[in-house]
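First the structure, in the form of structure tokens, and then the observations on it.
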Amino acid sequence: MTEELLYAGKAKSIYRSDSPDELIVVFRDDITAFDGGKKDVLAGKGEYNARVSARLFELLEAAGVPTHLLAVEGPGRMRVRWLTMIPLEVIVRNIAAGSLVRNYPFEEGSRLDPPLIVIDYKDDTRHDPMLNDEIVLALRLATQAELDELKALALRVNEVLNGVFADLGILLVDFKIEFGRDAGGRIRLGDEISMDSMRLWDGETRESLDKDVYRFAKGDVLSTYARVADRILGDE
Ligand code: ATP
Ligand code: TYD
């Protein structure tokens, strides 16, 4: 059966499934940065990201965070609940890096305590501008109660992931997550959590273990993703 492609994004493709409330997400080998200005294909990258995402979603689900994951269906393929996505990029930051140090006088590498939550509007044509609660409410992207829930969930995700990475000797610098509403109206974590959407530093050397290796040509991207995936997945 040829599956119907519903949407092809920059790194994943979304297909209709045999169930009306479920989708198939295919993690492709495409990698992009700088709003799509830099692009490449790295064979195997999609599978690493899918396996890491699935493992982290399982751990989060077990810790009480509702996610879209239903099953892993072969290499790079995930069956998920079909969510009505909320067009927000919810970014949690534990250590100052990236756009935070470009745009504000934070010292790169300094600890943010408590962690910062930054919410961007997911709109590539506008280059994902930063929002505040008032703009989210005025655009009717979410209600105040939903915003409060998103932030509480984001902090819970951060606690769980910080635990996972501390045990691996990796610093979770920051990460981006997306949420949506399921068929019953419940807010769930969607999309992915992978080396493309997290900033990870080696705890000893502070070397980048994520998409920054690609963004800033810091080394071999695929072998970095493979090493991190092995550390996260252990003996799987
Ligand atoms: P970006 O890279 O800025 O996140 P994109 O659209 O290019 O944008 P992809 O990851 O390639 O990103 O595409 C995946 C798309 O699928 C995203 O638009 C994401 O919001 C959407 N999505 C993720 N999970 C679900 C889900 N459970 N139900 C419906 N849509 C989803
Ligand atoms: P940020 O520092 O805001 O952007 P950049 O990496 O472009 O300097 O990114 C913070 C974290 O969120 C980082 O781990 C990458 C992730 N992220 C995404 O995955 N997608 C996005 O569109 C954005 C803006 C960030």
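Observations, loosely collected:
Residue by residue, here is whether (1) part of a loop (DSSP other than H, G, I, E, B); (2) under 17 Å from the mean Cα position of the chain (by Cα) holds:
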residue: Ala97; (1), (2): yes, yes
residue: Leu100; (1), (2): no, no
residue: Glu107; (1), (2): yes, no
residue: Asp113; (1), (2): no, no
residue: Thr125; (1), (2): no, no
residue: Asp128; (1), (2): yes, yes
residue: Glu134; (1), (2): no, no
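- Within segment 138-148, tally of residues that are loosely packed, with under 15 Cβ neighbours inside 10 Å and assigned to a helix (DSSP H, G or I): 4
- Among the residues of segment 103-133, those identified as over 13 Å from Asp174 (Cβ atoms) and either of a type in the set (D, E, K, R) or in contact with a Phe, Trp or Tyr (Cβ under 7 Å, 6 or more places away or on another chain) (or both) are Glu107, Asp113, Lys122, Asp123, Asp124, Arg126, Asp128, Pro129, Leu131, Asp133.
- Residues of segment 213-231 satisfying the condition of being free of Cβ contacts under 8 Å to residues at least 24 places away in the same chain and open to solvent by 10 Å² or more (accessible area, probe 1.4 Å): Phe216, Ala217, Lys218, Gly219, Asp220, Ser223, Arg227, Asp230
- Candidates Val157, Val173, filtered to the one that is outside any helix (DSSP H, G or I) and touching a strand residue (DSSP E or B) at 6+ places or on another chain (Cβ under 7 Å): Val173
- Per the listing Asp210, Asp196, Asp235, the residue uniquely part of a loop (DSSP other than H, G, I, E, B), surrounded by 17 or more Cβ atoms within 10 Å (Cβ to Cβ) and out of contact with any strand residue (DSSP E or B) (no Cβ under 6 Å at 6 or more places or on another chain) is Asp196.
Matching residues to (1) open to solvent by less than 60 Å² (accessible area, probe 1.4 Å); (2) out of contact with any strand residue (DSSP E or B) (no Cβ under 7 Å at 6 or more places or on another chain); (3) near ligand 1 (Cβ under 8 Å from one of its atoms):
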{"site": "Lys10", "(1), (2), (3)": "no, no, yes"}
{"site": "Ile14", "(1), (2), (3)": "yes, no, yes"}
{"site": "Asp29", "(1), (2), (3)": "yes, no, no"}
{"site": "Ala33", "(1), (2), (3)": "yes, yes, no"}
{"site": "Val41", "(1), (2), (3)": "no, no, no"}
{"site": "Lys45", "(1), (2), (3)": "yes, no, no"}
{"site": "Ala54", "(1), (2), (3)": "yes, no, no"}
{"site": "Thr67", "(1), (2), (3)": "yes, no, no"}
{"site": "Val72", "(1), (2), (3)": "no, no, no"}
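- Residues (within 16 Å of ligand 1 (Cβ to nearest atom) and either within 21 Å of Ala229 (Cβ to Cβ) or in contact with a His (Cβ under 9 Å, 6 or more places away or on another chain) (or both)) located in segment 134-177: Val157, Asp174, Phe175, Lys176, Ile177
- Unique match (being charged (D, E, K, R) and surrounded by 20 or more Cβ atoms within 10 Å (Cβ to Cβ)) among Asp174, Asp167, Asp120, Asp124: Asp174
The values are calculated or read from the model by the stated rules, or taken from the named source; none is laboratory data. What you are looking at is a predicted structure, and each value in this text was computed from that prediction instead of being measured. Counting neighbours? That spans all protein chains shown, and the Cβs are built from the backbone with ideal geometry, glycine included. Please note that ligands, DNA and RNA were not included when accessible areas were found on the heavy atoms of the full protein model with its side chains. Shrake-Rupley method; radii C 1.70, N 1.55, O 1.52, S 1.80 Å.
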